Amino acid sequence: MDATAGSVVWTLVGGVVTLAIFSFLYKDNPLYKLAEHVAVGVSVGFLMVNYYYTVFMPKVWDNVVHKGQFDYLIPHILGLLLYSRFVPKWGWVSRLSLAFLLGAGSGMSIAPSLESRVLKQIEGTMASLVVWVPGDAWGTILQTLVSVFLVGGTIACLVFFLFSVEHKGKVGKLAYFGRLCIMAGFGASFGYTVMARVSLLIGRIQFLTQDWWKAIGQLFS
Amino acid sequence: MGEIVATLTARRSFVGSLCFLAVLSLFLLPASAWAVEPALDLTVKDKPLDAGEVLKIAFSRASGDSLGRTGIVRYELLRQAPGEAVFKVARSFAASQRLGRFTYDDTGLKPGKHYQYKVRTVGADGFTAETAPCPPTAPRRQWFFTNKLNTLVATAIFCAFVLGFIHAARRGRPMFIRRIAGLDAIDEAVGRCTEMGKPTLYVPGISTISDVATIASLNILGQVAKKIAQYQTRILVPNRDPIVFPVAQDVVKEAFIEAGYPHNYRSDDVYFVTNDQFAYAAAVCGTMVREKPGANLFLGMFYAESLVLAETGASVGAIQIAGTDAISQLPFFVTACDYTIIGEELYAASAYIGREPTLLGTLKGQDLFKMVCLGVICLGVLLMTLGVIFRGKPYDDILQLITVRSGS
């Protein structure tokens with residue numbers, strides 16, 4: 001099979017699988033089940049081969065066998081311990097690896113999370129409420145209002161996420177304002193993301209109406 | 001005829017004279033007209049506050065070089081690594097670059113090993129000139145990255161608050177937590193499943209174990225699985241990450257044992273699907289339409305598959321509770337789910353559901369830290385505003401403490 005014939009075949013398969021997945025919009029059916037199982041099976045198979053060549057070979061085999069760096073055996077052994085789950089008597093051994101993974105995962109994520117999600121946000125919020133635009137009174141008023149809204153909105157959102165305080169009275173009103181700000185943000189994000197998704201749909205429809213259709217034509221010509 | 005011969009002879013002698021002068025001028029011209037000068041002021045320094053793998057190199061143009069217009073084509077930075085006998089080109093710089101001084105961070109070096117550098121100036125005519133080699137310099141590894149001191153202080157304060165409140169909670173101090181509607185609904189959802197005799201579908205997100213949202217989700221999974229075990233119904237947990245999968249299995253198993261129903265635990269109900277995002281989404285959608293769960297809980301980190309899952313779940317009539325800290329996915333959950341746990345509420349969920357003193361203490365500690373953050377923001381905003389009003393900068397020092405500096 002030459003390259004052109006191969007690409008035609010794969011385009012045809014791609015189109016059929018796309019339609020099979022789209023058929024779920026009507027209801028669950030055997031065609032969708034077939035596409036779903038093929039997708040799952042192929043992806044797991046690909047994952048195994050991919051891990052073998054991108055993880056096992058360069059990180060374990062090459063380092064240990066070719067370079068003699070035996071410290072790479074430690075994570076490898078930890079990984080192997082996970083398989084002890086298949087032997088009920090020794091299943092507890094896998095917990096050592098899991099404990100290491102959870103502990104290291106949690107520990108390593110604390111400082112970066114604090115930095116990116118807390119300190120950076122605090123830094124970004126610490127803006128002057130008054131913004132002077134030289135020679136532009138309306139500009140000054142507008143920018144000042146924007147700044148007040150930015151700071152006020154952030155503080156209100158933070159108050160919304162305080163769990164120790166009942167949302168009543170002034171705190172309640174501030175939290176409500178925070179909730180409104182969050183929802184406004186969600187609305188903007190929703191519109192933005194839907195536009196991106198529509199472009200994905202357009203891409204698929206273009207594939208079906210152009211590439212796939214052309215491949216069908218080539219098949220019968 | 002004789003006149004013509006005399007003219008030709010005169011011309012020949014004139015051309016000959018010109019050639020002689022040209023050859024003579026080549027010898028008489030100063031060397032700088034055809035040779036090139038070496039680069040100036042070569043410095044090699046260890047990059048501060050790093051893992052000891054970088055040296056910072058800088059040098060200036062050769063004297064007389066003006067953006068490569070004076071016959072110099074490029075500068076080559078030559079490096080002699082430890083154990084090597086010759087200098088090799090590490091980086092080449094075009095002389096036409098609009099730079100007064102060339103700088104380069106030589107990365108991937110070995111900490112503590114000595115490296116030597118020199119710069120070769122290459123002219124258009126192939127002439128070169130080299131600087132003297134710099135003294136051997138070794139990149140040094142620093143144990144403490146002082147630019148991250150603010151993060152350390154913040155982490156220490158946060159940990160102190162959390163530990164303090166955990167201690168207080170263990171001593172029996174009452175801890176008030178306000179009502180969170182989305183979390184109250186989890187009980188309702190599990191109860192509904194029990195009444196309908198249907199399983200609960202729990203999706204712990206598609207991220208890895210190192211993701212905070214995944215860890216929070218696994219904590220919630222423990223509490224939810226415990227309730228499900230008490231109600232003696234089923235829980236289905238499809239997993240995308242191969243490492244999250246065994247953790248989820250252990251969490252559910254532990255919950256069933258704690259609830260006193262270890263025999264009701266079915267290891268096949270907590271299963272690995274695939275690592276591929278959309279194949280996973282397709283499989284979970286298939287599970288929803290075939291198993292028809294009474295409740296779908298999507299708690300953890302989600303990406304583009306969020307709406308696919310939530311829409312399918314809504315179409316099968318399940319009560320849906322979603323929670324994530326992925327801001328871009330929350331709008332989809334808000335629109336397609338019955339209850340949405342927003343961002344920080346996800347981290348509070350396990351404490352809220354379980355009411356265990358340790359977790360409650362953690363939650364209270366987080367709250368106090370948030371209040372401190374609020375105070376710091378208010379103080380910073382005040383100083384920034386005063387700074388603008390009075391045209392001064394009294395806030396600079398405060399801002400310096402908060403600012404997260406970039407660096408390795």
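Within the straight-line cut-off of under 21 Å between alpha carbons, the lysines reachable from A:LYS173 are B:LYS370, sequence neighbours fewer than 8 places apart in one chain being disregarded.
Taking the centroid of alpha carbons for each part, the range A:201-221 and the range B:40-116 are 54 Å apart. Each listed q (0.06, 0.07, 0.12 Å⁻¹) maps to a log10 I(q)/I(0) for the protein assembly as shown, found by the Debye formula over equal Cα scatterers with no solvent: -0.53, -0.69, -1.33. Is chain A best put as rounded, prolate or oblate by its Cα gyration tensor, with a ≥ b ≥ c the root eigenvalues, rounded for a/c under 1.5, and otherwise prolate when a/b is larger than b/c, oblate when not? Here chain A falls in the oblate category.
Within the range A:31-137, all pairs of alpha-carbon atoms sorted by distance into 5 Å bins from zero give the percentages 2, 9, 8, 10, 12, 13, 11, 9, 7, 4, 3, 4, 4, 2, 1, 0. Between the amide H of B:LEU299 and those of B:VAL203, B:GLY205, B:GLY323, distances stay under 5 Å, these residues lying 5 or more places away or on another chain, with hydrogens modeled in the peptide plane.
Converting phi to 3J(HN,Hα) with the Karplus coefficients 6.51, -1.76 and 1.60 and the offset θ = phi - 60°, the range A:19-24 yields 5, 4, 5, 4, 5, 5 Hz in sequence order, with x at every glycine or proline.
Order of B:227-233, A:130-136 by packing, highest average Cβ count within 10 Å first? Could the numbers behind the result be given before it?
Values: B:227-233: 19.0, A:130-136: 12.3.
Per-residue mean Cβ counts within 10 Å order the peptides as B:227-233, A:130-136.
For the protein assembly as shown, the antiparallel share of DSSP beta bridges with both residues in that region comes to about 60%. What the pair-distance distribution of the range A:127-221 shows, using all Cα-Cα distances binned every 5 Å from zero, is 3, 12, 11, 10, 10, 10, 9, 7, 6, 5, 5, 4, 4, 2, 1, 0 percent. Translational diffusion of chain B, estimated by Stokes-Einstein from the Kirkwood radius over alpha carbon pairs at 25 °C in a medium of 0.890 mPa s, is 87 µm² per second.
List, in order, the whole-Hz ³J(HN,Hα) value for each residue of the range B:229-241 obtained from phi through the Karplus relation with A = 6.51, B = -1.76, C = 1.60 and θ = phi - 60°; use x for Gly and Pro. Residue by residue, the range B:229-241 yields 5, 5, 7, 6, 10, 9, 10, 10, 10, x, 10, 9, 9 Hz. Note on B:ASP50, B:ASP367, B:ASP41: ascending count of other Cβ atoms within 10 Å places them as B:ASP41, B:ASP50, B:ASP367, the fewest first. Close amide H partners of B:TYR271, meaning residues 5 or more places away or on another chain with modelled amide H under 5 Å apart, are B:VAL237, B:ASN239. Computed per residue of the protein assembly as shown from DSSP H runs no shorter than four, each worth -39500 (n - 2.57), the mean residue ellipticity at 222 nm is -17500 deg cm²/dmol. Given R0 = 60 Å, the distance between the Cβ atoms of A:ASN50 and B:ARG178 translates into a calculated FRET efficiency of 0.80. Ranked by how many other Cβ atoms sit within 10 Å of their own Cβ, fewest first, the residues A:ARG204, B:ARG61 fall in the order A:ARG204, B:ARG61. Once amide H atoms are built 1.01 Å from N in the peptide plane, which residues 5 or more positions from B:ARG234, or in another chain, come under 5 Å H to H? Amide H neighbours of B:ARG234: B:THR200.
Among DSSP beta bridges lying fully in chain B, give the percent that are antiparallel, nearest 5. Beta bridges within chain B, antiparallel portion: roughly 60 percent. Working note: Cα atoms of the range B:175-355, range along each principal axis, descending, whole Å: 39, 39, 33. Each residue of the range A:9-17 was assigned a 3J(HN,Hα) from its phi angle through the Karplus curve 6.51 cos²θ - 1.76 cosθ + 1.60 (θ = phi - 60°); the sequence is 4, 5, 5, 4, 4, x, x, 5, 5 Hz, with glycine and proline shown as x. Largest GNM mean-square fluctuation among B:PRO331, B:PRO293, B:PRO111, using chain B with Cα springs under 10 Å: B:PRO111.
Look at where the Cα atoms of the range A:38-81 and of the range B:186-205 average out, and the two centres are 38 Å apart. Shape analysis of the range B:35-130 based on the Cα gyration tensor places the equivalent ellipsoid semi-axes at 26, 15, 9 Å, largest first.
None of the figures in this text is laboratory data; all of them are computed from the coordinates on show. What you are looking at is a predicted structure, and each value in this text was computed from that prediction instead of being measured. A quick note on method: Cβ atoms are made from the backbone with ideal geometry, for glycine too, and the neighbour counts reach across all protein chains shown.
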